[in-house]
């Protein structure tokens, strides 16, 4: 018999959320749906409940402990087909479990690109199955919107006609990108979009989706900026920003910066000719060791390389790389370490896949052998069914040990490894030690 726990949430066609009077919340890991044993956390500030259209809610019968699909409900005399409910999380949190649900035979569209998280209703309000993996407060969403930010954006656009600022104004105001907002607020990590083209076709790409799918959540810069335009933004931020100061070439919503390594290398040299302050980072798929080496020689001191798996077949199925393979990505990691750069992995996590025992072992071996300094746990923003259709039968097998178990295994494999969600600037970087 199931013990008491958070109640099942469901929504009507208008997105109004209800809690079930009897059924308990279920959760999902990979293809498995069950009553979660781990304790949930209160829905954090900046998070929100969300409807999963066309997914029928799955709950747990407290009398039997069995999962139950809810095809129809009656609320105040109105009978309707309910939709499953999950949650989205603010920065600093990592999803531990997916929302439970079953695709309806009809009217089950591909879901927009969000990192859907299991949710329920606890005694004091909504709860989520997630981990608070980075408790630093400089990414707090409070105070980032409103009149002050808009005024700063308008002042910058009036002062400079640099197309990078034009792009970042949309990122900051329309898409609420914190890194873009930082560029106008002159604080912490600033963004420099640098490429409109990419050499991968990621299934979950935030800026390019095929016809028939939900529209991309961001739009890429239309014209790749010149070295001088990038240097202007970089030098301004590095010299005048406060806090954990750094600039990053390449964002998750654009193309691949290594395709423009010559222009970026020139921009780094131009910026460093004006200021020695702060840190210079690139966010990349790591597709070209030669290009990354050239950026390090130009003054790059940190890089973050994106990865969903250390298994060739699962990596290739998701990234769909053009002209490179996983081996070259790993070679780029080694180049970064050989050149003295701080190496972070942007690990795209997905409960029931990334935390399979075999996948965990391969990731741990990679992190230890390469000498990774930081793993940023990034919940993969994608329709869970879409990713499972890709991941099923690919990658290393084994039971899911949980996202918490994955993190603990990575830290055991490389003592001192930083696990979090945000980039580290120069003054806050430690050096992880290899396991003995």
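The values are calculated or read from the model by the stated rules, or taken from the named source; none is laboratory data. What you are looking at is a predicted structure, and each value in this text was computed from that prediction instead of being measured. Cβ placement follows ideal geometry from the backbone for every residue including glycine, while neighbour counts extend to all protein chains displayed.
Confirm whether residue 35 is buried (at least 17 other Cβ atoms within 10 Å of the Cβ) and without any contact (Cβ under 8 Å) to a residue 40 or more places away in the chain. Yes; evaluated as a whole, the condition is true for this residue.
With respect to being modelled with pLDDT of 95 or more and over 30 Å from residue 51 (Cβ atoms), residue 408 fits the description.
The condition of being touching a strand residue (DSSP E or B) at 6+ places or on another chain (Cβ under 7 Å), without any contact (Cβ under 8 Å) to a residue 60 or more places away in the chain and part of a loop (DSSP other than H, G, I, E, B) holds for only one of 345, 300, that being 300.
Residue check: residue 254 meets all listed conditions (1) modelled with pLDDT of 90 or more; (2) within 25 Å of residue 299 (Cβ to Cβ) but one, namely (1).
For the range 381-400, which positions are closer than 23 Å to residue 102 by Cα and over 19 Å from the mean Cα position of the chain (by Cα)? Within the range 381-400, 389, 392, 393, 394, 399, 400 qualify.
Considering the range 1-118, the qualifying strands (runs of 3 or more DSSP E), each wholly inside and each with 1 or more residues that are at pLDDT 95 or above and within 16 Å of residue 388 (Cβ to Cβ), run over 27-29, 32-34, 48-52, 58-60, 83-88, 93-95. Scanning the range 227-244 for residues that are outside any helix (DSSP H, G or I) and touching a residue at least 60 places away in the same chain (Cβ under 8 Å) yields a total of 2.
Taken together, 417, 406, 380 contain a single residue that is touching a helix residue (DSSP H, G or I) at 6+ places or on another chain (Cβ under 6 Å), under 28 Å from residue 190 (Cα atoms) and crowded, with 20+ Cβ neighbours inside 10 Å, which is 417. Can you find a residue in the range 354-375 that is out of contact with any strand residue (DSSP E or B) (no Cβ under 6 Å at 6 or more places or on another chain), crowded, with 22+ Cβ neighbours inside 10 Å, in a loop (DSSP other than H, G, I, E, B) and at pLDDT 95 or above? Yes, the range 354-375 contains at least one residue that is out of contact with any strand residue (DSSP E or B) (no Cβ under 6 Å at 6 or more places or on another chain), crowded, with 22+ Cβ neighbours inside 10 Å, in a loop (DSSP other than H, G, I, E, B) and at pLDDT 95 or above.
All conditions but one from (1) more than 23 Å from residue 353 (Cα to Cα); (2) buried (at least 17 other Cβ atoms within 10 Å of the Cβ); (3) under 25 Å from the mean Cα position of the chain (by Cα) apply to residue 52; the one that does not is (1). Residues that are under 17 Å from residue 197 (Cβ atoms) and surrounded by 21 or more Cβ atoms within 10 Å (Cβ to Cβ) do not occur anywhere in the range 238-245. I'm told residue 131 meets every condition in (1) more than 18 Å from residue 15 (Cα to Cα); (2) without any contact (Cβ under 8 Å) to a residue 40 or more places away in the chain; (3) not in a loop (DSSP other than H, G, I, E, B) except one. Can you identify the failing condition by its number? The number of the failed condition is (2).
Results for (1) part of a helix (DSSP H, G or I); (2) in contact (Cβ under 8 Å) with a residue 12 or more places away in the chain, shown as yes or no for each residue.
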residue	(1), (2)
138	no, yes
155	yes, no
170	yes, yes
190	no, yes
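Within the range 297-313, being over 14 Å from residue 330 (Cβ atoms), surrounded by fewer than 23 Cβ atoms within 10 Å (Cβ to Cβ) and in contact with a helix residue (DSSP H, G or I) (Cβ under 9 Å, 6 or more places away or on another chain) holds for 297, 298, 299, 301.
Screening residue 221 with (1) crowded, with 19+ Cβ neighbours inside 10 Å; (2) modelled with pLDDT of 95 or more gives one miss only, at (2).
Is at least one residue of the range 196-205 free of Cβ contacts under 8 Å to residues at least 24 places away in the same chain, over 19 Å from residue 155 (Cβ atoms) and within 20 Å of the chain's Cα centre (by Cα)?
Yes, the range 196-205 contains a residue that is free of Cβ contacts under 8 Å to residues at least 24 places away in the same chain, over 19 Å from residue 155 (Cβ atoms) and within 20 Å of the chain's Cα centre (by Cα).
Here 268, 247 are screened, and the one residue that is more than 17 Å from residue 172 (Cβ to Cβ), assigned by TED's automatic domain parsing to the domain that holds residue 202 and under 27 Å from the mean Cα position of the chain (by Cα) is 268.
When we screen 58, 102, 110 for residues that are crowded, with 21+ Cβ neighbours inside 10 Å, outside the structural domain of residue 392 (by TED's automatic domain parsing) and under 30 Å from residue 205 (Cβ atoms), the only hit is 58.
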